[in-house]
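The structure appears right after this line, and notes come after that.
Read the figures in this text as sums done on the coordinates, not as results from a lab. Please read these numbers as outputs of a predicted model, since none were measured by experiment. Note: ideal-geometry Cβ built from the backbone for every residue, glycine included; neighbour counts use all protein chains shown.
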Amino acid sequence: MFTGIIQAKGKVVTLQRAEETARLEIATSLTADNQSRVGESIAVNGVCLTITNLLAGGFWTEMMPETMRRTNFASLKVGQEVDLELALAANGRLDGHFVLGHVDTTVQLVERQVEQNAVTLRFQFPAPQKPYIVEKGSLALDGVSLTVTTVVKNTFGVSLIPHTLQETVLGILKIGDWVNLETDILGKYLVAHEEVEKNEK
């Protein structure tokens, strides 16, 4: 379980691909600073992964085919920065929203606008995600907890303050880039419950 509050940015040092799987080495001080252990969960660009090996300056993890199909990891490159968040401690603060690290799909940046001290990003999303994306609702983009500001047809907008732009990889996004989307788990259960009730009538 995560909150969508990014704790650090890491850098891809090694990327080993094999068919639809991959092993990844990420450079960061986050794991050493927090005395992370092998087997613990860590969110990388919003994807819940397992630490498989620890290094003095980072960690290794690996991705299975399902992860590669659902996320933007197929386009990862050595030297690329990624958002990192350790799993929420039982006594931790829930500053964002409940984020599972189970990415639903990827969405593409189609517009970027500066509005005084904020930058508004607009993304195009696939039709099956429409029931889960609502104005003023929560979602996670590359692991960052954000509030939906607008929904127009098959696009949604989010607004980022300077701190978010500086501290996460969303700040360097360009038009056409793809990010990982996880919609709110509460919305998923609500929609599923409504579908069950509808089918039972």
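General remarks:
- Relative to the 2.2 N^0.38 Å rule of thumb, the range 8-86 has a C-alpha radius of gyration ratio of 0.98.
- Counting every other Cβ atom within 10 Å of each residue's Cβ, Ser36, Ser75 order from fewest to most as Ser75, Ser36.
- Listed by chain and number, the lysines placed with their C-alpha closer than 23 angstrom to that of Lys11 are Lys77, Lys174; residues fewer than eight positions away on the same chain are left out.
- Taking Cβ atoms as reference points and 11 Å as the exclusive limit, the residues near Gly10 contribute a net charge of -2, counting Lys and Arg as +1 and Asp and Glu as -1.
- Listed by Cβ neighbour count within 10 Å, with the fewest neighbours leading, Leu49, Leu55 appear as Leu55, Leu49.
- Cross-link partners of Lys136 among lysines, defined as those whose alpha carbon lies under 22 angstrom from its own and excluding same-chain residues fewer than eight positions apart: Lys153, Lys188.
- Burial ordering of Phe59, Phe123, fewest other beta-carbon atoms within 10 Å first: Phe123, Phe59
- Residues whose placed amide H lies under 5 Å from that of Leu49, excluding near-sequence neighbours: Ile42, Ala43, Val44
- Summing Lys and Arg as +1 and Asp and Glu as -1 over all other residues whose Cβ lies under 12 Å from the Cβ of Pro131 gives a net charge of -2.
- Convex hull volume per residue in cubic angstrom - Cα atoms of the chain: 137 Å³
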